[in-house]
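Where a number appears in this text, it was derived from the coordinates with a stated rule and is not lab data. For clarity, every value in this text was computed on a predicted model and none was experimentally measured. A quick note on method: Cβ atoms are made from the backbone with ideal geometry, for glycine too, and the neighbour counts reach across all protein chains shown.
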Amino acid sequence: MLPAPPRFWLLKSEPHVFGYPDLVRLGREPWNGVRNYQARNYLRAMREGDLCLFYHSNAKPAGVAGVAQVVREAYPDNLQFDPASPSYDPKSTPENPRWSMVDVAPVLAFPAVLPLDTLRALPEWQDSPLIRKGNRLSVLPVTPEQFTAALAAAGVGLPDIPAGRLSRHQRTTSAARQSGR
């Protein structure tokens with residue numbers, strides 16, 4: 001039995017703190033510092049191969065800058081143990097960590113940021129928490145329809161992802177297609 005197909009997410013970051021160009025430059029980076037329990041639970045639900053819309057928040061314009069892929073599933077966020085970090089949590093211990101992070105890698109930079117106003121106008125996004133006032137979660141689930149609509153609105157298609165960054169599911173599915181199964 002094959003694992004479930006990739007799921008889709010939206011990750012928010014302020015571009016002056018860590019933007020999509022930073023992810024491209026680094027090639028792979030932990031998504032750490034999340035200190036909201038619901039957002040943490042979403043991180044824990046992510047699987048290798050899941051795709052994420054990388055959203056620049058608190059920017060002009062705020063919007064989606066590109067696509068990233070989860071390349072390592074949730075593990076303890078190292079910042080929670082560092083007293084010098086603003087993300088330090090004195091109640092968290094290595095034996096019982098409260099906070100998690102995933103590693104992500106860049107997949108596709110959009111030619112221009114896809115503004116929040118454009119997402120608001122898309123029918124697929126009408127039920128998204130992202131477009132509701134007051135939503136401050138930094139990690140959100142995205143439906144396949146929302147993900148596809150965002151790519152179409154940005155005028156891009158998802159490129160082939162290099163084999164080294166394919167999830168186990170995608171490698172198995174790709175191999176099955178190539179062998180005619």
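Some observations on this one:
- Listed by chain and number, the aspartates and glutamates placed with their C-alpha closer than 18 angstrom to that of LYS91 are ASP77, ASP82; residues fewer than eight positions away on the same chain are left out.
- Amide hydrogen proximity for TRP9: with H placed 1.01 Å from N in the peptide plane, the residues at 5 or more positions away or on another chain lying under 5 Å are LEU51, CYS52, LEU53, VAL142.
- Protection proxy ranking of 127-133, 100-106 - average other beta-carbon atoms within 10 Å, highest first: 100-106, 127-133
- The chain: calculated mean residue ellipticity at 222 nm from DSSP helix runs of at least 4, using -39500 (n - 2.57): -7000 deg cm²/dmol
- Amide H contacts under 5 Å for GLU48, placed H, 5+ residues apart: GLU73
- Distance from segment 1-69 to segment 91-162 (C-alpha centre basis), Å: 7 Å
- Amide H contacts of GLY66 (H built 1.01 Å from N, under 5 Å, at least 5 apart or other chain): PHE54, PHE110
- Those lysines that a straight Cα-Cα span of less than 27 Å connects to LYS60, excepting residues fewer than 8 apart in one chain: LYS12, LYS133
- Computed about its Cα centre, the charge dipole of segment 8-178 is approximately 120 debye, with only Lys, Arg, Asp and Glu carrying charge at their Cβ.
- Normalised contact order of the chain, rounded percent, pairs of Cα under 8 Å and 6 or more residues apart: 28 percent
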